[in-house]
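Asker: The structure's right below; bear with me while I get my questions together.
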Amino acid sequence: MMLQVAVEAAKVAGKYLKQSVGKIKTIEQKDGSDRNLVTEIDKRSEEMIVEIIRKHFPSHEILAEERGSQGSSKTKWIIDPLDGTTNFTHGLPVFCVSIGIEHDNEIIGGVIYDPNLDELFTAEKGKGAYLNGRKMKVSQTQTLSKSLLVTGFPYNIAENPNHAVERFVNFLMKAQAVRRMGSAAIDLAYVACGRYDGFWEVALNPWDMAAGMLLVQEAGGTVADFHGGKFSVYQKEILANNGHIQNEMLTACHIQNMTSKAESKY
Ligand code: IPD
Ligand code: CA
Ligand code: CA
């Protein structure tokens, strides 16, 4: 029942986002920089989602990107009403809605809806993960050198938090290729369905990861911190992959294992 409500909310909001491309009236900067944007569309999408959840579960806690935390309950809905806002403001059709459901401090449900490709990713704890109703599995790639990875950068990347730049270079040297989509939730959904073999990022928020981490786990993958420790959506490191490349990714996460810089031939 909770998952059905999450699906309904994600679809309603996702359709609204798609219709709103190119119709943004106000773009605000959240932290005074030219990064970390929010539009009236992010806020309206969040209102739509919260309205649907509240109609069914008025006593549940809400943690949503644009309004923060509301209420207190064993069950918490963790919502990103528009993941990929920078893409959205440029008309780049890579964005989604992400809704995670936490119960007793554990993520038990997750829905990511990409309205551009009409792709609905769903997972319930212990019940597997699905893409448009078909069971998903992580990839079978066995080595980092054959892996297609994805990552993202925090808005304060200019401060290079947690060696984000060096870690990126390290993976670039060791993997087959590295992509950058601009939506952490889509990155995780794509690891879950096997399009990517692995993902890492620093300084994400719970709403970026809650649904996606469950998708990866339920599709047979691994989600951990950069030391291979237990993952929590409230921490600032995420390493997600198909399980086979976990050890190689863990090694590459650490800056002392930095590949020496290739000499330029030009
Ligand atoms: C952002 C995206 C991006 C990631 C950023 C997030 P937003 O979320 O997920 O891929 O690199 O760190 O903040 O702001 O578009 O919801
Ligand atoms: Ca986000
Ligand atoms: Ca967002």
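Asker: According to a simple spin-label model (label point 7 Å from Cα along Cα-to-Cβ), what is the distance in nm between S33 and Q176?
Answerer: 3.3 nm
Asker: Ok, one more. Per residue, how big is the convex hull of segment 98-205 when only Cα atoms are used? Give it in Å³.
Answerer: On the way: hull volume 13.2 nm³, N = 108.
About 122 Å³ per residue, rounded to a whole number.
Asker: Continuing with this model, one more query. Would you list the membrane-span-like helices of the chain, meaning whole DSSP H runs whose alpha-carbon atoms span at least 20 Å along their axis and whose mean Kyte-Doolittle value is at least -1.0?
Answerer: Both cut-offs are met by 2-20, 40-56.
Asker: Hey, another quick one. Does a label point 7 Å from the Cα of K74, set along Cα-to-beta-carbon, have any residues of segment 99-134 with amide nitrogen under 11 Å, and which are they?
Answerer: Of the residues in segment 99-134, 103-105 have backbone N under 11 Å from the label point off K74.
Asker: Highest first, please rank the peptides 43-52, 59-68 by the mean number of other Cβ atoms sitting within 10 Å of their residues.
Answerer: Packing proxy ranking, top to bottom: 43-52, 59-68.
Asker: Note down the magnitude of the dipole of the chain about its Cα centre, charges +1 on Lys and Arg C-beta and -1 on Asp and Glu C-beta and zero elsewhere, to the nearest 20 debye.
Answerer: With only Lys, Arg, Asp and Glu charged at Cβ, the dipole is about 600 debye.
Asker: Tell me, what are the semi-axes, in whole angstrom and largest first, of the equivalent ellipsoid of the chain as set by the roots of 5 times the Cα gyration tensor eigenvalues?
Answerer: After scaling each eigenvalue by five and taking roots: 30, 21, 17 Å.
Asker: Looking only at the chain, where both bridge partners belong to it, what percent of the DSSP beta bridges are antiparallel (to the nearest 5)?
Answerer: Just about 80 percent of them are antiparallel.
Asker: Restricting to Cα pairs below 8 Å that are 6+ residues apart, what does the relative contact order work out to for the chain? Please round to a whole percent.
Answerer: Computed over the chain, the figure is 17 percent.
Asker: Is the C-alpha gyration tensor of segment 2-135 telling us rounded, prolate or oblate? Criteria: a/c under 1.5 is rounded; beyond that, a/b larger than b/c is prolate, otherwise oblate. The partial results should precede the final answer.
Answerer: On the way: a/c = 1.99, a/b = 1.34, b/c = 1.49.
Since a/c reaches 1.5 but b/c is at least a/b, the shape of segment 2-135 is classed as oblate.
Asker: Additional query: If you take every residue apart from H244 with its C-beta less than 11 Å away from the C-beta of H244, what net charge results, scoring Lys and Arg +1 and Asp and Glu -1?
Answerer: On the way: positive: K146; negative: D197, E248.
In short, -1.
Asker: What pairs in K11/K230; K11/K55; K18/K125; K43/K135; K74/K127 have C-alpha atoms more than 23 Å from each other?
Answerer: Working: K11/K230 31 Å; K11/K55 16 Å; K18/K125 29 Å; K43/K135 32 Å; K74/K127 21 Å.
Exceeds cut-off: K11/K230; K18/K125; K43/K135.
Only the coordinates and a few stated rules stand behind these numbers; no lab work does. Being a predicted model, the structure only gives us computed values, none of them experimental. Reconstructed Cβ throughout: ideal geometry from the backbone, glycine too, with neighbour counts over all protein chains shown.
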